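To keep things clear, I will list the structure first and then write my remarks on it.
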Amino acid sequence: MAEQGAIKLSDTDVLIVVDVQYDFLPGGALAVPEGDAVIEPINRLAQAFRHVVLTQDWHPSGHASFASSHPGRQPFELTELHYGQQVLWPDHCIQGTPGAEISRDLLIPHAQLIIRKGYNAGIDSYSGFKEADRKTSTGLEGYLKERGFERVFCAGLATDFCVAWTALDAAAAGFETYLIEDASRPIDTHGSWARAKNDLSAAGVHTISSAQILET
């Protein structure tokens, strides 16, 4: 359930648009249900934000998170990797392929940074801040702090994985953090969406709708 109340933006706010890539959109290798529904609200939101950062899943072929890298295993099964439990995914967002491209329907020419993640062959990376080993940093936290941002607003795909993990890490880094529910969509596998909602609430992440955001 989204929290209520209008939010006035300032120059210390940043929108993080997570993984709006063709492989996560309808027809893609790991399509998120109704994934294309996030594009219109994100484009509208982006016009209200002076500062926007994009993240991009960017896997090498044969990545450890791909089911195809584990003989006899199927997509969406769970396995253990050296850093803990891992969902095995269909091959997706492979570096340099059309599926890894950020959607051309995303109209954010003023985006200031693209953070690529998941490029370490042995470690998955949902969050824009830290890889799934929870140790390896992307550098995004330092970038945002050096730029003087105070509030982080997250949207994109998928709500229960990359968007939620990005929001959780933003909150852990000390940013006031918001997840924009109608500008995100979940995959919801193995109860992941219910788990993510509980984690977000426990971490103090505010869940809001795009209609609550007012332009400066």
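The values are calculated or read from the model by the stated rules, or taken from the named source; none is laboratory data. Predicted, not measured: the structure shown is a model, and the values here were computed from it. Using ideal geometry, Cβ is built from the backbone for each residue, glycine included, and neighbour counts are taken over all protein chains shown. Keep in mind that these areas ignore ligands, DNA and RNA; they rest on the heavy atoms of the full protein, side chains included. Shrake-Rupley method; radii C 1.70, N 1.55, O 1.52, S 1.80 Å.
Quick look at the values:
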{"quantity": "Given [x] 57; [y] 52; [z] 32, the label whose value is percent of Cα pairs over 25 Å apart derived from this model", "calculated": "[z]"}
{"quantity": "Label-to-label distance, nm, for residues given as Arg134 and Leu107 (7 Å Cα→Cβ offset)", "calculated": "4.2"}
{"quantity": "Whole-number percent relative contact order across the chain, with pairs defined as alpha carbons under 8 Å at least 6 apart", "calculated": "27"}
{"quantity": "Distance in nm between pseudo-label sites at Asp11 and Ala48 (7 Å out along the Cβ direction from Cα)", "calculated": "2.0"}
{"quantity": "Cα→Cβ-extended label distance, 7 Å offset, between Asn198 and Gln85, nm", "calculated": "1.0"}
{"quantity": "Sum of -39500 (n - 2.57) over DSSP H runs of 4+, divided by residues of the chain (222 nm, nearest 500)", "calculated": "-5000 deg cm²/dmol"}
{"quantity": "The range 1-25 residues near the modelled Glu150 label - backbone nitrogen below 19 Å, point 7 Å along Cα→Cβ", "calculated": "6-16"}
{"quantity": "Volume in Å³ per residue [convex hull over Cα atoms, computed for the range 73-149]", "calculated": "123"}
{"quantity": "Accessible surface of the chain, 1.4 Å probe, proportion on carbon and sulfur as whole %", "calculated": "51"}
